Amino acid sequence: MFIGHLPAGYVSAKLLFRRFADTGVATTAFVLAGILGAIAPDLDMFYFYLVDNRQSHHHTYWPHYPILWVSLLLLAGLWFKLARQKAGAALALIFSISGFIHMLLDTIVGDIWWLAPFIDKPYALFTVPAVYQPWWLNFVLHWSFALEIAIAVWALLVWRSDWK
């Protein structure tokens with residue numbers, strides 16, 4: 001997924017904010033935490049390009065381990081349940097939710113190691129055939145890119161509905 005993560009984080013934060021509004025967390029902070037969580041797994045791209053020299057699939061690095069995001073979700077949920085001041089816990093929760101959504105979206109056409117670090121086996125719902133050069137054109141011209149466009153349009157519609 002190329003362009004869908006950030007708008008998906010925005011949409012999830014905007015849709016979930018009503019459930020957390022009574023925590024005292026500011027809307028802007030909540031949406032920002034959702035957006036940051038949505039792109040956080042891809043921060044491993046810095047390591048991929050700057051250190052690893054593109055030798056390993058970046059989805060094999062720990063920021064793309066679903067167990068990390070499930071663990072963060074559980075910890076944030078526990079914190080939210082037990083905390084008296086819930087604003088920080090709400091931010092941690094939307095960050096974790098968005099990070100987990102990132103894993104789900106990547107699983108559509110990108111290999112995700114759902115059982116890592118215990119089992120070294122990637123899972124994807126669909127495969128993008130390598131037909132075009134450069135490599136990224138295969139993803140942009142694949143039907144799954146329409147889903148990314150739909151997510152971006154959804155985010156735009158959510159933003160526009162707040163703007164009026």
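The residue that is nearest to W154 (Cα to Cα), counting only those in segment 18-43 that are crowded, with 17+ Cβ neighbours inside 10 Å and without any contact (Cβ under 8 Å) to a residue 24 or more places away in the chain, is V31. Beta carbons closer than 8 Å, at least 6 apart along the sequence or on distinct chains, pair a first residue in segment 121-144 that is over 12 Å from G110 (Cα atoms) and of a type in the set (G, A, S) with a second that is in a helix (DSSP H, G or I) and at pLDDT 95 or above for A130/N138.
Annotation note: Cβ proximity below 9 Å between a residue of segment 44-63 that is on the phi > 0 side of the Ramachandran plot and a residue that is modelled with pLDDT under 95 and part of a helix (DSSP H, G or I) (sequence gap 6+ or interchain) occurs for R54/F48. For segment 61-71, the set of residues classified as touching a Pro at 6+ places or on another chain (Cβ under 8 Å) and surrounded by 14 or more Cβ atoms within 10 Å (Cβ to Cβ) consists of P63, H64, Y65, I67, W69, listed by residue number.
How many residues, within segment 106-141, are within 20 Å of the chain's Cα centre (by Cα) and not hydrophobic (A, V, I, L, M, F, W, C)? Number satisfying all stated conditions: 8.
Where helices (runs of 4 or more DSSP H) fall wholly inside segment 1-63, the ranges with 2 or more residues that are under 25 Å from L141 (Cβ atoms) and not aromatic (F, W, Y) are 5-20, 27-39.
When both residues are 6+ apart or on different chains and their Cβ atoms are under 7 Å apart, which pairs have a first residue that lies in segment 96-113 and is of a type in the set (S, T, N, Q), and a second that is outside any helix (DSSP H, G or I)? That search, which allows pairs on different chains as well, returns T107/Y123; T107/A124; T107/L125.
The values are calculated or read from the model by the stated rules, or taken from the named source; none is laboratory data. Remember, it's a predicted structure, so these values are computed and weren't measured experimentally. No Cβ is skipped: glycine too gets one built from the backbone with ideal geometry, and neighbour counts run over all protein chains shown.
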